[in-house]
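What follows is a set of notes on a single structure, which appears directly below.
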Amino acid sequence: MQGWRRLRDSMADTPFADLAFDPAMLARVTRKFESVLATSFQLRPHFLMLTRQRAVGERFAILERVYRELRGDLKWSWARIEDYLLPCLLRHLDGGDWSAIVKPDVGLSMWQAPAVPDA
């Protein structure tokens, strides 16, 4: 719970907060980011060569870039973005281009959640 509050507080005064539109949405985005970060450490523990704090910061920055592009640039709904956050983060951690996951679905009003790469 403290991690979520710290993350929420650090996001509240940034341009990132503008993309969440209201405090309730910011809290929802923050909780999802926290969940995706925790899952990513379970699936990709070998990326812990960095200090945990630095690794969390780097993974959060990746999620923020994904969110900013999907919500801000492409105007995707939050429900759609939720489906893409973990696969995009894992693709990036594996050395791939996360935007390759997104490109086939640009412009579609319906989508199928991308598969989460195996550990």
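The values are calculated or read from the model by the stated rules, or taken from the named source; none is laboratory data. None of the values given here were measured: they were computed from a predicted structure. Neighbour counts are summed over all protein chains in view; Cβ atoms, including those assigned to glycine, are modelled from backbone coordinates with ideal geometry.
Restricting to the range 32-46, name every residue that is at pLDDT 90 or above and among the basic types (K, R). Outline the logic, then answer.
From the range 32-46, those at pLDDT 90 or above are 32-40; that's our starting set.
Across the range 32-46, the qualifying residue is only K32.
Those residues that are under 13 Å from the mean Cα position of the chain (by Cα), in a helix (DSSP H, G or I) and within 21 Å of K75 (Cβ to Cβ), I need them from the range 90-101; list them, please.
If we filter the range 90-101 for residues that are under 13 Å from the mean Cα position of the chain (by Cα), which is where we start, we get 90-93, 98-99.
Retained after the next criterion (residues that are in a helix (DSSP H, G or I)): 90-93, 99.
Result: S99, single match.
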Open item on the list: Anything in the range 74-89 that is outside any helix (DSSP H, G or I) and either within 14 Å of L43 (Cα to Cα) or of a type outside the set (G, A, S) (or both)? List them, or say none.
Closed with: L74, K75, W76
